[in-house]
Amino acid sequence: MTSRGVLVIAMLSVFCWFVLYSEMENATQTGNYKANAIKIMKNGTRTPDPPGDIPLWNKHTWMSILDNFIPNQKVRVGENTTMTVKGKHKMGSTEFIGEIREGGQLVVEIINRTDHFFWEAGQTPLCNLLRSMALVDTIPSFAHVTMPKRPFLNITLPCRDLSLHGGLGQGNWITAFYTTRIAAAAAMVDLQIQCNDGKSSQMNILLPWFEAYQPAPTFENPWPFQGRLPTEEEACSNSYQTIRLDFMIDEIRNDIRKMAVTMLGSRQNKTHPSVPIDQPPLVPNIEIDDVAIHLRCGDVMGGANRIDFGMMKFTEYKKWISKDARTVGIVTHPFESERNRPVDRRKVNECRTVTYHLVNYLQGFLPSAKISIHNGLNETLPLTYARLAMADQSFTTLSSFGIFPVIGGFGKGYFQKGNRGVNPFARYLPDIYPDLIMMEAQVLTTSALKGLDLQSILEWFVTE
């Protein structure tokens with residue numbers, strides 16, 4: 001090839017790259033490229049279709065789209081909106097490329113994105129999308145459009161990455177799973193939430209256990225769950241205080257109990273209809289304690305300057321624990337710094353001291369009981385949940401992590417009264433199930449703990 005030919009090819013390559021870059025840059029600036037690039041697979045990102053060639057799914061176009069149905073017809077669903085989050089305006093990209101599948105069902109997929117989950121920007125982005133899919137102005141709506149099939153929202157998440165590197169605790173992500181289920185049900189939209197690696201991580205992380213397919217409610221029974229049909233504020237609010245997670249209590253119990261029985265095996269009256277009685281447990285030879293206590297310590301012992309979570313007096317346990325208890329198990333943070341989240345590492349030594357202080361206190365009024373600490377190398381988070389759920393009595397304090405196995409377990413569940421920042425929905429639970437007991441113990445807040453020496457804290461725990 002002549003030098004002139006090489007030069008021509010090089011110039012053409014530069015020109016093609018410039019055109020491609022310009023198109024991507026323009027699309028990014030208008031917000032369309034990011035909004036339409038929803039097919040984020042393990043091997044990369046699908047190139048989005050030009051939005052101008054795709055019809056918009058709305059009240060004015062949906063009938064004509066279905067009348068002129070083309071297999072796997074693509075439609076634009078939603079819109080770019082501005083929302084207010086913590087006093088700041090933030091763009092919410094709620095426009096997606098959906099497909100009309102066989103039978104006229106609209107399907108929208110969210111893959112490896114979390115911007116439609118509660119802790120990102122409240123329920124606003126999710127509910128905007130659900131309204132657009134269902135062709136309604138409010139959630140819930142009493143003027144639903146009669147479609148051939150209810151719309152279907154299919155969410156696939158990188159559960160392992162979220163659990164290990166997502167910045168939030170797994171209790172927060174579990175909360176977001178259920179707030180998503182509430183909103184989708186109220187909008188009468190089919191929902192599926194799944195992990196991108198399936199069940200491969202279920203022995204070590206919690207989220208795979210909360211995968212779910214939830215069919216849309218029917219017009220005849222618009223709320224087949226506990227309570228009543230939620231208001232728009234209860235389903236779509238950006239405020240944690242108003243989301244009625246208690247409406248999902250039966251689904252929480254089903255998920256927790258199925259996980260516990262699968263992990264530890266069926267035990268007498270502790271079974272699950274989806275788990276055969278003779279199915280071998282994933283973790284064999286685990287002794288189930290009569291009493292299980294979740295002791296949250298790491299981030300609470302002098303962590304954030306907050307007054308909505310903290311540690312409760314040990315004397316509270318004395319009020320509730322059965323005097324006939326033969327075994328008590330304490331589940332808590334590991335005592336090895338490297339096995340903790342960064343936020344929990346600074347107070348590892350103090351937490352070890354606090355935990356053994358609790359052991360000594362419990363032994364004082366249960367002298368014959370065997371009291372164990374479960375935080376060794378083989379103690380995974382799913383095993384922690386299973387221990388709490390299978391106990392005859394289980395306890396948690398102010399914790400979005402501990403609340404789920406305690407309220408979803410087989411025995412009596414005891415939880416500290418919630419507040420605006422931690423489990424605000426919990427106050428409704430005892431009215432639904434009498435075996436859920438709300439404690440109103442004295443609490444030493446995280447903010448107060450920062451100003452006290454360890455000896456003063458230890459004395460406070462056991463002072464009547």
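Here's how it looks for Cys297: its modeled amide H is under 5 Å from those of His333, which are all 5 or more places away or on a different chain. Taking one quarter of the surface of the C-alpha convex hull of the stretch 122-198 gives a mean projected area of 5.5 nm².
The share of Cα pairs per 10 Å bin across the stretch 396-454, counted from zero up to the longest distance, runs 22, 50, 20, 8, 0 percent. For Arg267, the solvent-accessible surface with a 1.4 Å probe is about 70 Å², rounded to the nearest 10.
The alpha-carbon of Lys347 sits under 13 angstrom from the alpha-carbons of these aspartates and glutamates, leaving out residues fewer than 8 places away in its chain: Asp299, Glu336, Glu338, Asp453. Here the 3J(HN,Hα) profile of the stretch 415-430, calculated from phi with Karplus coefficients 6.51, -1.76 and 1.60 at θ = phi - 60°, is 9, 6, 3, x, 8, 4, x, 9, 6, x, 6, 5, 5, 7, 5, x Hz, Gly and Pro shown as x. Measuring between their Cα centroids, the stretch 386-439 and the stretch 123-140 lie 31 Å from each other. The chymotrypsin sites (Phe, Trp or Tyr not before Pro) of the stretch 174-272 that DSSP puts in a loop, and whose beta carbon has at most 15 other beta carbons within 10 Å, are Phe219.
A 1.4 Å probe run over the stretch 204-339, with the rest of the protein chains in place, finds 44 Å² accessible per residue.
Put simply, the C-alpha atoms of the stretch 176-320 give a gyration tensor, and the ellipsoid matching it has half-axes of 29, 26, 16 Å, longest first. Between amide H atoms placed 1.01 Å from N, distances below 5 Å from Leu366 occur with no residue 5 or more places distant or on a separate chain. For Ala143 and Ile70, the FRET efficiency from 1/(1 + (r/R0)^6), where r spans their Cβ atoms and R0 equals 30 Å, is about 0.60. Of the chymotrypsin sites (Phe, Trp or Tyr not before Pro) found in the stretch 98-158, those that fall in a DSSP loop while having at most 13 other beta-carbon atoms within 10 Å are Phe142. In this view, the solvent-accessible surface of Val189, computed with a 1.4 Å probe and all protein chains in place, comes to about 0 Å². Between Lys318 and Ser368, the simple label model (points 7 Å from Cα in the Cβ direction) yields a spacing of 2.0 nm.
The 3J(HN,Hα) values that the Karplus relation (6.51, -1.76, 1.60; θ = phi - 60°) gives for the stretch 195-208 are, in residue order, 8, 6, 10, x, 9, 5, 9, 5, 6, 10, 10, 8, 4, x Hz. Gly and Pro appear as x. For the stretch 233-318, the gyration tensor built on C-alpha atoms gives an oblate shape. Its axis ratio a/c (a ≥ b ≥ c) is at least 1.5, and a/b is not larger than b/c.
For the stretch 131-240, the share of DSSP beta bridges that are antiparallel, to the nearest 5, is 35%.
Atom-type composition of the exposed protein surface of the stretch 187-324 places 49 percent of the accessible area on carbon and sulfur (1.4 angstrom probe).
The values are calculated or read from the model by the stated rules, or taken from the named source; none is laboratory data. This is a predicted model, so every value here is computed, not measured. Every residue, glycine among them, receives a Cβ derived from its backbone with ideal geometry; neighbour counts consider all protein chains shown. Note: accessible area is taken over every heavy atom of the protein model, side chains too, but ligands, DNA and RNA are not part of it. Shrake-Rupley method; radii C 1.70, N 1.55, O 1.52, S 1.80 Å.
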